[in-house]
Amino acid sequence: MDIIKQDSTTEVSTKWIENLALEEINMEESGIVNFNDHLNPSYQLEESSINFMNQVRDLFEIYTHKFNQYRGEDSGSTIKIFKIANTINDFMLYRNSLRLIFARRADDLISIGFLSNGKDVFSARVNESQSHGETATHEIRAHIGPFNKIAWKFGNEDVDSDALVKHYLAEFIKLSAR
């Protein structure tokens, strides 16, 4: 288990300490010593982007399952989630010829865009105060802070994964409705 409860409202991830113990075991067995990996931002960016994408996909799975239940699994309007081949954890939502694609373009960059009819690429609508210009996709970028703390941002604003999923899923449902 890599999550422990600190109190009734706070959960703390212990995955990092598990990885540190495994690295030490591997170091002892292989004889190869890596003293500076924890200072390397590219390693931490890769791990953070994979974790962020997994977290977002997990939320999409929860919400789409619930939507499909309420809508009726056999209605022909179910939302499907597919992993994208030959990638670590890129994925897309599909319904009525519309796709919502989440792709890691780099360790510090995740792009989000709609693909309609297999050729037209466009971004989700946002309110005017959040507008970041007209682009074909939105970009979520990682920013490294003190002590290699990584924050995911849209524009210059921190991203809340639950709010992100709710926004894109609502937009996807509205745009893919018949």
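Read the figures in this text as sums done on the coordinates, not as results from a lab. Predicted model only: the values in this text are computed from it and were never measured. A quick note on method: Cβ atoms are made from the backbone with ideal geometry, for glycine too, and the neighbour counts reach across all protein chains shown.
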Where Rh denotes the Kirkwood radius from the mean inverse Cα pair distance, what is Rg over Rh for the stretch 41-176? 0.97
Mean Cβ-within-10 Å packing, highest first, puts peptides 62-72, 93-103 in the order 93-103, 62-72
A 23 angstrom limit on the alpha carbon distance is what I want to check against. Which of 15/166; 80/166; 66/149; 66/174 exceed it? 15/166; 66/149
Net length gained if the chain between residue 30 and residue 55 were fully extended (0.36 nm per residue, minus Cα distance): 5.8 nm
Apply 1/(1 + (r/R0)^6) to the Cβ-Cβ distance of residue 177 and residue 156, taking R0 = 25 Å, and write down the FRET efficiency to the nearest 0.05. 0.15
Using mean Cβ contacts within 10 Å as the protection proxy, how do 18-26, 153-161 order, highest first? 153-161, 18-26
Over the stretch 136-178: Kirkwood hydrodynamic radius from C-alpha pairwise inverse distances, Å: 12.0
Tell me the net charge near residue 102. Cut-off is 9 Å between Cβ atoms, residue 102 excluded, with +1 for each Lys or Arg and -1 for each Asp or Glu. +1
Which whole-Hz couplings ³J(HN,Hα) result when phi for each residue of the stretch 62-71 is put into the Karplus expression 6.51 cos²θ - 1.76 cosθ + 1.60, θ = phi - 60°, listed in order with x for Gly and Pro? 4, 5, 5, 4, 5, 4, 4, 4, 5, 6
